[in-house]
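To start, the structure under review is shown below, and the notes come after it.
The values are calculated or read from the model by the stated rules, or taken from the named source; none is laboratory data. Because the structure is a prediction, the values reported are computed rather than measured. Please note: Cβ atoms are built from the backbone with ideal geometry, for glycine as well, and neighbour counts cover all protein chains shown.
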Amino acid sequence: MAEIPALKRRLIQEGIDVIDVGAGDADLAPPRAAVEALARAARDPAMSRYAFQLGLPAFREAAAAYLQRRFGVRCDPFTELHPLLGSKEGIAHLAMALLDGGDVAVVPEGGTVLAGGEPYRYALTPRSGFLLELEELPPEVVRRTRLVYLNYPNNPTAAVATREYLERTVAFCRRHDIVIAYDNPYCEITYDGYVAPSIFETPGAWECAVEFHSLSKTFCMTGWRLGWAAGRAELIAALGRVKNYVDTGAFLAVQTAGAAVLPQAEQLAREYVAQFRERRDAMLPVLRAQGFEPETPRATMYLWVPLPEGLPSATFQRRALEEEGVVTVPGSGFGAGGEGFFRIALTVATPRLVEAAERLGKVLAAV
Ligand SMILES: Cc1ncc(COP(=O)(O)O)c(C=O)c1O
C-alpha cells in the first residue's frame, strides 16, 4: 500500500489512464457541516493552540453521545473516551500502552513490534468465515497473549461478526486476561439491513475491550485525522499516557468539525452508504461477467475477490497495474492468509468502477 502513490504517479506521468481502487479512501466530499465548522473554527485564534490530550470537550461529548444513541453504550467522555489523530494512531499506541517485552499480540504487527511485543499472525480465511478463532491458538501463545485486535466489519475481507462469535470471543478473552482492541471504523458502512454492533453490546466486553472509531470512512474524512477510543478508565488512561509523549492532540478546528457531524452521524452515513451500495451493485455483475466470483459484501467499501487457484495475487496486481492501469491491493499484501484474493475499494464513481472491472477481466483472460 505504501508503494502505491509513487507507482501511480509514475504511470500517470507516462500518460496512462489510471483507475485507483487501491486504498480505502473514497472520492466523495466530506459533509458540508464538517467543512463549514472547520472553516469557521480555523478563523478563531484559540483553535490554533495545542489541543493537549483533553482536546475539545464538545468532541468528546459528541462521541460519547453517539455511542449511547447508536449502541446504547454509556461512557464518561472524559475518563472513558479519548480523542485520536485517526484510529490508526490509537491502535498502534495501545500496543505500547499494554505490552511488555515478549508479550504476544494477535496482529496488527506494526505497533506490536514497535512496542517490543511479539506479533502472532492468524490467517483470516473463508474456512472460518474470515473470523479470528482464538480457540485455535496454541495454548503456549494464549498464555503469553495480552492483546487481540478484532476488526469487524473487516478490512479487507468485508466479513461481519455474529453476536454469537463476539460472545464467545469476549468470554475467551476474559478467561485468559486478554484485552480486545475492537477496531470498528466501518460500523456505519453496512448494507441490506445489516447493522454492525459495538463490541460493548456483548455482555462482559466492557471489562476487557477498547473500541476504536474513526471519522475517516463514515464521513469520507481520511485526511482530517480524527477518531476516538472508548473503554474502561484504566485502559483509556494507559493509552493517554503513551500519547502524552508522542502527540499534543488533533487540531482543535478538526475536533470542532467532528463535534458538528457526530450528532447527525447516522443520517450522513445513510447518504454515503447509498452511494457505496450503488457502486457495489453496479460493479459486482460486471466482475462476475468477466469471470470473477466475488461474494456480495454486507459491509465496508471493499470487494474481496478470489483469484483462480495458483495465480499469485501479487502477479495479478502487478499485471493489472502495468497492463491495464488499475490499482488494486493484492491479498498477500495483508499477510500470507490473504493469498488467492485481491481487494477492490469502491472509491471511484460507478462508470470508472465498471471500466475497472472490464479492464481486470482482460488481465484475468490473459494470465
Ligand atoms: C480496519 C481499519 N482500521 C483502522 C484504519 C485506520 O483509519 P484511520 O486512521 O484513518 O482512522 C483503517 C484504514 O484503512 C482500517 O481499514
Among the residues of segment 154-169, are any surrounded by 22 or more Cβ atoms within 10 Å (Cβ to Cβ), over 27 Å from LEU226 (Cα atoms), modelled with pLDDT of 95 or more and more than 15 Å from the ligand (Cβ to nearest atom)?
yes
On the basis of being within 16 Å of the ligand (Cβ to nearest atom), at pLDDT 95 or above and at negative phi, does LEU56 make the cut?
no
Out of LEU81, LEU147, sole residue that is more than 14 Å from the ligand (Cβ to nearest atom) and touching a Lys or Arg at 6+ places or on another chain (Cβ under 6 Å):
LEU81
Condition test on SER214, is it touching a residue at least 12 places away in the same chain (Cβ under 8 Å), surrounded by fewer than 24 Cβ atoms within 10 Å (Cβ to Cβ), within 30 Å of GLU278 (Cα to Cα) and among the hydroxyl-bearing types (Ser, Thr, Tyr)?
no
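Residue-by-condition table, conditions (1) within 14 Å of the ligand (Cβ to nearest atom); (2) in contact with a Leu (Cβ under 7 Å, 6 or more places away or on another chain):
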site: PRO203; (1), (2): no, no
site: ALA209; (1), (2): no, no
site: TRP224; (1), (2): yes, yes
site: ARG241; (1), (2): no, no
site: VAL246; (1), (2): no, no
site: GLU271; (1), (2): no, no
site: GLU278; (1), (2): no, no
site: GLN290; (1), (2): no, yes
